Every structure is written in structure tokens, then in C-alpha cells.
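First the structure, in the form of C-alpha cells, and then the observations on it.
The values are calculated or read from the model by the stated rules, or taken from the named source; none is laboratory data. If you're wondering where the values come from, they're calculated on a predicted model, not measured in any experiment. Using ideal geometry, Cβ is built from the backbone for each residue, glycine included, and neighbour counts are taken over all protein chains shown.
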Amino acid sequence: MRIGILMSNTDDSEFSRSHPKDGDKWRDLLAPLCPECEFPVYSVKDGHFPEHVTGHDGFIITGSPASVHDLDAWLPKLFGLIREATDAGVPLFGACFGHQAIALALGGKVAFNPGGWVIGSTVTDVADPAPWMEAGPLRQYAAHIEQVVQLPEAAQVTMTNKDCPIGGFIVGDKIFTTQYHPEMTHDFICALVDELAGKIPADAMDAARASLDGTNDNPVFARWIVEFFHQVGA
């Protein structure tokens, strides 16, 4: 399978340069579970897009500190690719910014979190799982100030909690999203929390540090992503 990684992370700070790029994070997460997969990376935030959506068995849209409401020229092009892939039946997976971009491109709405920043480790409830998922609590890493507040047409919520009612959704069997970050390691989220100290409210930082006990369900979510792409490509 050929799964294109649409890298949307606009952070070019010294902190970002000292850690693996998002394309590498996603390869590290998924390649052990899909050794036959290719993961070409397209830096869409720099205007580098695949020439055609066909020729790929799916796409992953990464997280980003950018907002889906920004006016940068690459964003309308990304939204167009999302619609093109959807029309062509090419599977899409989106995480955090990617989750929001898919929702917005297909007619949903994204707005600021009523409670402000969500960062650190959080538990969401998989209450209505897709066929490649299992029901139950899921611990994931978070770093977001916006969230999806209205689903696109025909979408179904799969994950939810009180702070983020639309923590993930599917549209049929070709779109799968999460508001969270299965690609982030424990070391990375700890470093990110330290990096953001003084840049976001102190109460959010205190909650983030208190949440980081090293526990996450990244291996579970990685398996779900691979099974999603396998089942839609079957």
C-alpha cells in the first residue's frame, strides 16, 4: 500500500528542528505494523502536493499549530485535495489539525474550545466504534485550542468526552479522524509541554504536567489506522 503523508506542521522553530519531523513520527508509528507500506511525505504547508490523488491507497493529514481558519495559500489547496480524494473514494485519515481540516473541507465547522487549551494526556470514550475499532476508554495525547463543533454531512462520532464532544469521526468507511495525537511519543509530549510553558495559561500547563504519567494507547490506535487502510483497500 502507498499511504501519502500530508505534512501540515508549520512549526519551524529550534524546538521543532530538534525533534523528528511529523513524517518520520508517522512512519515510526505505522511502518512496524505495515512493513509492505510506502509512506511518501508531501510538505503541503510548503506547497508540495501530490500530483494526483490516484496512485495512492490513502492519505494521512498531520497535526499543525496552524489554524484551519488561517488565510495561507496552501490551505484552500489542501481542502480541495480532501474533496478530490473523497469524490475519488481515496481513504483519508486526519489527526488534530487533519481531523479539523477534513471536517471543514466537507462542510463541518471548527471553533475555539470553550474550555481553552487542551494539552497533555486525556481520556476519550470510544462509544460508537467503527468496525476496525473497539469500544472503551482510550488515552491519547492532546495539544489543541480549536475543535470540530459541527460534523460534515453523513459523519458519525466515534470518540467523545466532556471537553471535546467530537473527539473523532468517520464518514462511511473511507474517512477516519481523531482530535488527538497517536504519533506523539511520551518524551515528545513532555518536551512540548515544557516548550509551551509561559505561552499558554498556567492552569492548562499544571493540568498537562499532572496528566503525563507515561500511559498511552498509541499502539492500539496505530493498529486501528492500519486496519482502516487495509479494510478500505481490500
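Only residues that are closer than 13 Å to Asn113 by Cα and of a type outside the set (S, T, N, Q) were counted across the range 126-153, and they come to 7. Could you tell me whether any residue of the range 93-108 is part of a loop (DSSP other than H, G, I, E, B) and at negative phi? Within the range 93-108, one or more residues are part of a loop (DSSP other than H, G, I, E, B) and at negative phi.
Residues in the range 79-123 that are out of contact with any Lys or Arg (no Cβ under 8 Å at 6 or more places or on another chain), under 20 Å from Met184 (Cβ atoms) and among the aliphatic types (A, V, I, L, M): Ala95, Ala101, Ile102, Val118, Ile119. On the stretch given as the range 121-150, residues that are in a loop (DSSP other than H, G, I, E, B) and surrounded by fewer than 18 Cβ atoms within 10 Å (Cβ to Cβ) total 7.
Beta carbons closer than 6 Å, at least 6 apart along the sequence or on distinct chains, pair a first residue in the range 30-44 that is outside any helix (DSSP H, G or I) with a second that is among the basic types (Lys, Arg) for Glu38/Arg2; Phe39/Arg27.
Residues in the range 124-151 that are among the hydrophobic types (A, V, I, L, M, F, W, C), touching a residue at least 60 places away in the same chain (Cβ under 8 Å) and under 22 Å from Thr185 (Cα atoms): Met133, Leu138, Ala143. Of the residues making up the range 58-91, those that are touching a residue at least 40 places away in the same chain (Cβ under 8 Å), crowded, with 17+ Cβ neighbours inside 10 Å and farther than 20 Å from Ser13 by Cβ are Gly58, Phe59, Ile60, Ile61, Val68, Leu78, Leu81, Thr86, Val90, Pro91. For the range 47-54, check the following and say yes or no: at least one residue is in contact with a helix residue (DSSP H, G or I) (Cβ under 8 Å, 6 or more places away or on another chain), at pLDDT 95 or above and either buried (at least 22 other Cβ atoms within 10 Å of the Cβ) or under 22 Å from Ala222 (Cβ atoms) (or both). No, the conditions are met nowhere in the range 47-54. Please work out which residue is surrounded by the most Cβ atoms within 10 Å (Cβ to Cβ), limiting yourself to the range 92-120 and to residues that are among the β-branched types (Val, Ile, Thr) and more than 26 Å from Lys77 (Cα to Cα). The selected residue is Ile119.
If you go through the range 1-53 and keep only what is in contact with a strand residue (DSSP E or B) (Cβ under 9 Å, 6 or more places away or on another chain), under 25 Å from Asp70 (Cβ atoms) and among the hydrophobic types (A, V, I, L, M, F, W, C), you end up with Ile5, Leu6, Met7, Trp26, Val41, Val44, Phe49, Val53.
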